[in-house]
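Novice: Below is the structure I would like to discuss, written out as structure tokens.
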Amino acid sequence: MVHDVSKHIFLKVGSDVLYHGGHTYLIIVDYMSGFIELKRLEYETAEFVIDACKEISAGHGVPEVFQSDNAPYYNCTLFHKFAEDWRFTHTTSSPGHSQSNGKAESAVKIIKHLLNRSDDPWKALMEWHATPNRDFTSPSERLYGQRFPTANNLNLKAEIVVVMIVMGLAITNLVVIAFAAKVARMLIVIQEITKVNN
């Protein structure tokens with residue numbers, strides 16, 4: 001049966017590698033939920049990229065489609081064999097047309113922003129997973145169907161972050177942010193009133 005894999009959790013993913021602060025990270029983003037997985041790579045080789053992909057697949061299942069660029073660690077015999085053995089389709093962006101791997105490119109921008117804001121990449125990623133976007137759901141809610149507890153114990157539906165990122169679009173207009181924060185606070189009040197009335 002044919003279905004749109006981008007409408008199912010972790011069936012279509014995008015991947016890229018990011019360099020920051022002397023470290024190399026593998027990024028895998030789910031097309032449906034926007035949930036981002038981040039793995040620090042000891043070395044930038046196909047073996048380490050494949051091991052990180054296996055670890056992520058162990059937690060989310062094997063994707064049907066794995067989208068990447070044509071970096072040497074993706075475009076090699078070892079990675080092609082991995083795709084064949086694990087039975088997923090590996091698609092790559094055309095050289096010079098990285099926008100076809102746009103979801104991963106957006107995830108790279110998000111992670112760079114988070115890493116620049118925080119000394120703890122894992123805590124920053126956890127906060128991102130808990131932060132709602134324009135449809136007032138967070139990546140963790142779209143993936144797990146519930147709110148994601150964070151180390152700060154914040155309800156980020158009420159505490160809209162100073163810079164809200166919506167898959168690569170940094171919203172820096174203070175008027176828009178102030179409006180989003182007011183709407184979020186109103187939604188919390190409505191939720192509380194609904195609980196009291198029920």
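Novice: Just give me the residues in segment 50-59 being under 17 Å from the mean Cα position of the chain (by Cα) and surrounded by 18 or more Cβ atoms within 10 Å (Cβ to Cβ), in sequence order.
Specialist: Hits for segment 50-59 are ALA52, CYS53, ILE56, SER57.
Novice: For PHE10, only one of the following conditions fails: (1) at pLDDT 90 or above; (2) in a loop (DSSP other than H, G, I, E, B). What is its number?
Specialist: If we test PHE10 against (1) at pLDDT 90 or above; (2) in a loop (DSSP other than H, G, I, E, B), just (1) comes out false.
Novice: Determine whether SER33 is buried (at least 19 other Cβ atoms within 10 Å of the Cβ), in contact with a strand residue (DSSP E or B) (Cβ under 7 Å, 6 or more places away or on another chain) and among the hydroxyl-bearing types (Ser, Thr, Tyr).
Specialist: no
Novice: Then there is this: Can you pull out the residues in segment 36-64 that are out of contact with any Gly (no Cβ under 9 Å at 6 or more places or on another chain), of a type in the set (Asp, Glu) and not in a helix (DSSP H, G or I)?
Specialist: GLU42, GLU44, GLU64
Novice: Here's something else I'd like to know. Report whether or not LEU115 is touching a Pro at 6+ places or on another chain (Cβ under 8 Å), assigned by the TED database to the domain that holds HIS23 and either of a type in the set (A, V, I, L, M, F, W, C) or modelled with pLDDT under 85 (or both).
Specialist: Yes, satisfied.
Novice: Taking segment 65-89 on its own, how many of its residues are part of a loop (DSSP other than H, G, I, E, B) and either surrounded by 15 or more Cβ atoms within 10 Å (Cβ to Cβ) or at negative phi (or both)?
Specialist: Residues of segment 65-89 part of a loop (DSSP other than H, G, I, E, B): 69-76, 87-88.
Next, from what is left, pick out any that are either surrounded by 15 or more Cβ atoms within 10 Å (Cβ to Cβ) or at negative phi (or both): 69-76, 88.
Result for segment 65-89: 9.
Novice: When you check VAL17 against the structure, is it modelled with pLDDT of 90 or more and either touching an Asp or Glu at 6+ places or on another chain (Cβ under 6 Å) or in a helix (DSSP H, G or I) (or both), yes or no?
Specialist: So VAL17 fails the test.
Novice: Consider THR172 against the criteria (1) at pLDDT below 85; (2) surrounded by 12 or more Cβ atoms within 10 Å (Cβ to Cβ); (3) of a type in the set (Ser, Thr, Tyr): it satisfies all of them except one. Which criterion is unmet?
Specialist: THR172 satisfies every listed condition except (2).
Novice: Now for a different question. Restricting attention to segment 121-146, which residues are assigned to a helix (DSSP H, G or I), without any contact (Cβ under 8 Å) to a residue 12 or more places away in the chain and small (Gly, Ala, Ser)?
Specialist: Of everything in segment 121-146, just one residue is assigned to a helix (DSSP H, G or I), without any contact (Cβ under 8 Å) to a residue 12 or more places away in the chain and small (Gly, Ala, Ser), namely ALA124.
Novice: Could I ask something else about it? Residues of segment 122-132 being crowded, with 18+ Cβ neighbours inside 10 Å and not aliphatic (A, V, I, L, M), which ones?
Specialist: Of everything in segment 122-132, those that are crowded, with 18+ Cβ neighbours inside 10 Å and not aliphatic (A, V, I, L, M) turn out to be GLU127, TRP128, HIS129, THR131, PRO132.
The values are calculated or read from the model by the stated rules, or taken from the named source; none is laboratory data. What you see is a predicted model, and the numbers here were worked out from it, not measured in a lab. Quick reminder, even Gly has a Cβ in these numbers, built from the backbone with ideal geometry, and neighbours come from all protein chains shown.
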